[in-house]
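The values are calculated or read from the model by the stated rules, or taken from the named source; none is laboratory data. On a predicted model such as this, the values are computed, not experimentally measured, just so you know. Don't worry about glycine lacking a Cβ; one is built from the backbone with ideal geometry, like all the others, and counts go over all protein chains shown.
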Amino acid sequence: MPELPEVETTLRAIKSFEQYSVESIKVYNPNLRWKIDKNINKKIGGTKIRKIFRRAKYIIFDLNSYQLIVHLGMSGTLRIADIKDNFFKKHDHVELIFKKNKLIYNDPRRFGSIHVTESYDKHFLISKLGPEPLSKDFSKTYLYEKTRKSNTSIKNFIMNQSHVVGIGNIYASEILFKSSVDPRRKAKTISLIECEKITENSKIILQKAIQVGGTTLKDFYSAEGSAGYFKIQLSVYDREDQACVNCKNLITKIILNQRAAYFCNKCQG
Ligand SMILES: [Zn+2]
């Protein structure tokens, strides 16, 4: 699944479409996770994109009267193609047509979505989201206060989008390893100092992944554009029974809230 850094990189790749007018929007298959509004072309065709930005893992196109909320789901990508390029890939579901280019939404598993709305921040997908992890709002005091009554594991807690957005399964394991916090601990037992480590390491790890992502930007300009995982150095994730990078103890894998969690029981004990 594309995580926040991958979505941020997609956003940076398509930022240049700001101020362009959408000539029309072609829907080949409306059956994404939610069915695409059949009036989408009437609503946004011919209107100018004022701004493209990100909220959590949603890419938002702000047009004159409407906003487009795009989610890449498990396997979605947006790629840029030349208007004359008639190369059609399997699972190309939607095309935003501009004068010289088009933006193509491809999604093999169709867990992604495209919504048209008049006020995105009141939209059901957006309205209940927690703060952005890279913002000042995601602070040690925020995390500390928010966790005080929570009996869930800290890993599950930081993956809950109503607490903080954009921390997926891979990054959650990495953040807790770097913070020396056992992923199984109840959220309410995490100290203020540990909350500080967790919030700071979240920012460091996500920023690093975004930087690495920047080097893959050129992929978005080819018909083969793909959004795989960025090759950041992972310290624990997917390293079961391999030596811990700090202490050489073997990394443990467990299933926590139905998701794989990796940790070092010495460093995170
Ligand atoms: Zn260790």
Please determine whether any residue of region 221-241 is modelled with pLDDT of 95 or more, of a type outside the set (Gly, Ala, Ser) and either more than 23 Å from the chain's Cα centre (by Cα) or more than 16 Å from the ligand (Cβ to nearest atom) (or both).
yes
Taking region 76-119 and keeping only residues that are in a loop (DSSP other than H, G, I, E, B), surrounded by fewer than 21 Cβ atoms within 10 Å (Cβ to Cβ) and within 20 Å of the chain's Cα centre (by Cα), one is left with 108, 109, 110, 111
Could you say whether any residue in region 124-142 is buried (at least 19 other Cβ atoms within 10 Å of the Cβ) and either assigned to a helix (DSSP H, G or I) or more than 19 Å from the chain's Cα centre (by Cα) (or both)?
no
State all residues of region 14-66 that are under 16 Å from residue 80 (Cβ atoms) and either assigned to a helix (DSSP H, G or I) or in contact with a Pro (Cβ under 9 Å, 6 or more places away or on another chain) (or both); if no residue qualifies, say none.
14, 15, 16, 17
